[in-house]
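In what follows, a single structure is set out as structure tokens and then discussed.
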Amino acid sequence: MATMLYRDAVLQTLHAEMERDESVVVLGEDLVGGMGTAGGPEAIGGIWGTSVGLFDKFGKDRVIDTPISECAIVGAAGGLALAGKRPVAELMFADFIGVSLDQIWNQIGKFRYMFGGKSKCPAVIRMAYGAGFNAAAQHSQSVHQMLSGMPGLKVVMPSTPADVKGLFTQAIRDDDPVIFLEHKALYGVEGEVPDGEHLVPFGHARLSRAGEDVTIVATGMMVGMAEAAADSLAEEGIGCDVLDLRTTSPMDEEAILDSVEVTGRLVVVDEAPARCGLARDVSALVSELAFASLKAPPQAVTPPHTPIPFARELESAYLPSPDKIVAAVQKTLNWR
Amino acid sequence: MQLSRDALLQAYRQMRTIRAFEERLHDEIMKGEIAGFTHLYCGQEAVAVGVCEHLDHEDMIVSTHRGHGHCIAKGCDVVGMMKEIWGSTEGLCNGKGGSMHIADKDVGMLGANGIVGAGAPIAVGAAMSAKLDGKGKVSIAFSGDGACNQGTTFEAMNMAVVTNAPAIFVFENNKYSEHTGFEYAVGTNNDIVSRAEAFGMKVWRADGCDFFEVYETMRDVLEHVRGGNGPAAVEFDTERFYGHFEGDPQRYRGEGELDRLWAERDCIKIFRQRATEASLLKSDELDGVDEEVLALIDKAVDDSRAAPRPTPEDVQRDVYIDYF
Ligand SMILES: Cc1ncc(C[n+]2csc(CCOP(=O)(O)OP(=O)(O)O)c2C)c(N)n1
Ligand SMILES: [Mg+2]
């Protein structure tokens, strides 16, 4: 086991997979950083530090620094994939999928199905998502809610450096288009990462805290908040299962149902609003398939149905927090 | 030279206000008091001011992530802008938008934008509206050398041509999009505005560090567009004096590049030189403006620090119209 940052797990996985497989190609804006400047290629090395050294090692045909053209970036990833490569495209901020949405939704997500299973599109579209930096309505969003509703796309949201390695490796080797969501606030988080080959299959949740009273389901940055809530509840003798979904499409329904069958209580924490989103989706799943186990109505801890506000006070009021999760857990315990 | 003394002083005041606003932000951001992402307009002041001094509040502009200069030049209240950047409920957008999303419809400033390339299509719509109103008003999209590579910008230019909309595409070529040089990212031989020409509109090119040149060029551009001759585009050669965003290490710059830019390409210095050498204005008059501007910025910061803060209830406000 090596200890490394979440961001370095992204970078090292890219290095490893590009070395292992010549068909892996990366593309994105400022990915090389410094193209066409006096400082030259690699002067900066990508704004997240997740592409440092790739250009020098693999050259300009496999490490493609693109103009600001998200629609063409995702479209080109689709074309590279149809033609037999394994592109990893970066959209600097998840919010920028808006510019490329046709290529994500109508194109790469549908090739396999529309073409009768005879085409594959092994493209990974990576992007940094999430709030916490007062970056306001167009640089803070969580987009899994929208993308998980698009059949044909796989949606991955690692919460630890180890899972970055395992899930990203799987994403690159996967034969379907994968949306790989990296939380901005997690880039600087450190954790142990297994050495050598490490793959985490999609659709398998991770149990990060175990308890018998309440099930808390979370993804990405919400996992840490759920753990903090579970740890403080544990001091009061309340035990929580914390399930890190890892992937929202496919989703590990079995793990959720198994846990709720024991606890009878569900709290879903999500960084996207509940309406038409993951929180209500998981609640509906449990209501439909584990109704008899429920001792209290499922609770959603999510932002409200609003764009993301700028001011510090507003963003923190908008986001879930460990305190809000504790309150929701207590609500399920105090039901009737 | 057709500008009156008052007009010249006003232009200088606007440029200095932008410079002082941005430099103060630069300091305050270092101190950690300001949240969010901030992109400073220093170096490009002559473009915003040279364009907007021709406009009134019924002419409209659409801005970018680097929008403070456009806002000030178009007449947004400087204190209200500062309060917005501080996240106060008294900010121009009630603390909801911050640096990248300042807007003030009352002065024809339709909005800064966090999405590169989103502005040009919006400006075309505003131009269509101006055409319907028939008052000879125009709509201007400010875009960078990076934004010119977005398909949205291409679509907007073509649509403006085929609808004969009074839209003006102002390209501010500051040579960089984030950390990438325009010579790498712009495929048309280092020439942005030739693209606009290929779409079928009349184009101009000028030095964006010389207020007088910007102003004179825009006189011709506006005459053309206000005359109902359809859209036009201008490329201004300009410079960005600070990092892409605050905190950018700028390792992509050449050795001595920034020193050279400050020495040779500072639009404020160039303005002062030209205005005093031609005996249009005196140095001490200009110094007087500097002092007034700095006092205004001090006040803006003091007022912002003391301004009311939002409360959690404000999160839910203004998602939709409130009919009650
Ligand atoms: C759709 C979209 N893609 C990428 C970005 C990230 N980004 C912000 S500013 C910028 C560079 C813009 O360059 P340019 O248009 O030249 O404007 P400048 O920053 O030089 O003013 C980039 C890539 C963004 N905000 N929106
Ligand atoms: Mg630029």
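The values are calculated or read from the model by the stated rules, or taken from the named source; none is laboratory data. None of the values given here were measured: they were computed from a predicted structure. Here the Cβ positions follow ideal geometry from the backbone for every residue, glycine too, while neighbour counts run over all protein chains shown. Surface areas here come from the heavy atoms of the whole protein model, side chains and all, with no ligands, DNA or RNA. Shrake-Rupley method; radii C 1.70, N 1.55, O 1.52, S 1.80 Å.
Summary of values
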read-out: Qualifying trypsin sites (Lys or Arg not before Pro) for the range A:262-293 [loop in DSSP, other Cβ within 10 Å: at most 12]; value: A:R275
read-out: For chain A, accessible area per residue (1.4 Å probe, heavy atoms of protein chains only), Å²; value: 36 Å²
read-out: Spatially proximal lysines relative to B:K137 (Cα-Cα < 19 Å; intrachain offsets below 8 disregarded); value: B:K74, B:K105, B:K202
read-out: Distance cut-off 33 Å, percentage of C-alpha pairs in the protein assembly as shown lying past it; value: 51 percent
read-out: At most 10 other Cβ within 10 Å, DSSP loop - trypsin sites (Lys or Arg not before Pro), the range A:90-152; value: A:K118
read-out: Charge dipole of the range B:151-227 about the Cα centre (unit charges at C-beta), most positive-ward option of B:V162, B:S177, B:M201; value: B:V162
read-out: List of the range A:134-163 residues, accessible area with partners at least 40 Å² below that of the chain alone (1.4 Å probe); value: A:Q138, A:H139
read-out: Chain B, accessible surface, carbon-and-sulfur percent (1.4 angstrom probe); value: 50 percent
read-out: Threshold 30 Å² - residues in the range A:29-71 whose accessible area is reduced by that much or more when the chain is no longer isolated, probe 1.4 Å; value: A:D30, A:M35, A:G36, A:T37, A:A38, A:A43, A:I44, A:I47, A:D65, A:P67, A:I68
read-out: Point-charge dipole on Cβ atoms (K/R +1, D/E -1) for chain B, about Cα centre, debye to 20; value: 620 debye
read-out: Low-density loop positions, GluC sites (Glu not before Pro), the range B:9-40 - DSSP coil, at most 15 other Cβ in 10 Å; value: B:E33
read-out: 10 Å Cβ neighbours from other chains, averaged over peptide B:99-112; value: 1
read-out: Shielding by other protein chains, B:250-260, mean Cβ within 10 Å; value: 4
read-out: Accessible area (Å², per residue) of the range B:34-102, counting only protein heavy atoms and a probe of 1.4 Å; value: 19 Å²
read-out: For chain B, the fraction of alpha-carbon pairs in successive 20 Å shells from zero, as %; value: 33, 59, 8, 0
read-out: Alpha-carbon centroid distance for the pair the range B:65-131 / the range A:154-228, whole angstrom; value: 38 Å
read-out: Formal net charge of residues neighbouring B:E292 (Cβ-Cβ distance under 15 Å; K, R +1; D, E -1); value: -2
read-out: Average silhouette area of the range A:206-333, convex hull of alpha-carbon atoms, in square nanometres; value: 7.3 nm²
read-out: Axial C-alpha extent at least 20 Å, average Kyte-Doolittle at least -0.5 - helices from chain B (DSSP); value: B:119-133, B:211-226, B:283-306
read-out: Accessible carbon and sulfur surface of chain A relative to its total accessible area, %, 1.4 Å; value: 53 percent
read-out: B:T180 long-range amide H proximity, modeled H, under 5 Å; value: A:G34
read-out: Over the range B:274-321, volume per residue of the alpha carbon convex hull, in Å³; value: 133 Å³
read-out: Probe 1.4 Å, protein heavy atoms only - accessible area per residue of the range B:169-286 in square angstrom; value: 42 Å²
read-out: Of B:K83/B:K282; B:K31/B:K282; A:K60/A:K184; B:K131/B:K299, pairs whose Cα-Cα distance is over 30 Å; value: B:K83/B:K282; B:K31/B:K282; B:K131/B:K299
read-out: Whole-Å semi-axes of the ellipsoid equivalent to chain A (Cα gyration tensor, √5λ, descending); value: 35, 21, 19
read-out: Positive-end residue, the range A:206-333 charge dipole about Cα centroid, Cβ charges, pick of A:L314, A:V269, A:I325; value: A:L314
read-out: Theoretical gain in end-to-end length, A:R173 to A:S293 [0.36 nm per residue, Cα-Cα removed]; value: 39.4 nm
read-out: Dipole axis of the range A:40-101 (+1 Lys, Arg; -1 Asp, Glu on Cβ), positive-most option in A:L82, A:I47, A:L101; value: A:L82
read-out: For the pair B and A, total buried accessible area rounded to nearest 100 Å², probe 1.4 Å; value: 3400 Å²
read-out: Listed peptides B:260-270, A:194-204, A:233-243 by packing density, highest first (mean Cβ within 10 Å); value: A:233-243, B:260-270, A:194-204
read-out: 5 angstrom amide H check on B:G144, placed H, neighbours 5+ away; value: B:E172
read-out: Qualifying aspartates and glutamates (Cα of each under 15 Å from Cα of B:K96; at least 8 residues distant if same chain); value: A:E313, A:E315, B:E84, B:D104, B:E313, B:D314, B:D318
read-out: Percentage relative contact order, chain B, counting C-alpha pairs under 8 Å, at least six apart; value: 22 percent
read-out: Binned Cα-Cα distance frequencies in the range A:2-193 - 5 Å width, integer %; value: 1, 8, 17, 22, 22, 17, 9, 3, 1, 0
read-out: 10 Å Cβ neighbours from other chains, averaged over peptide B:172-184; value: 5
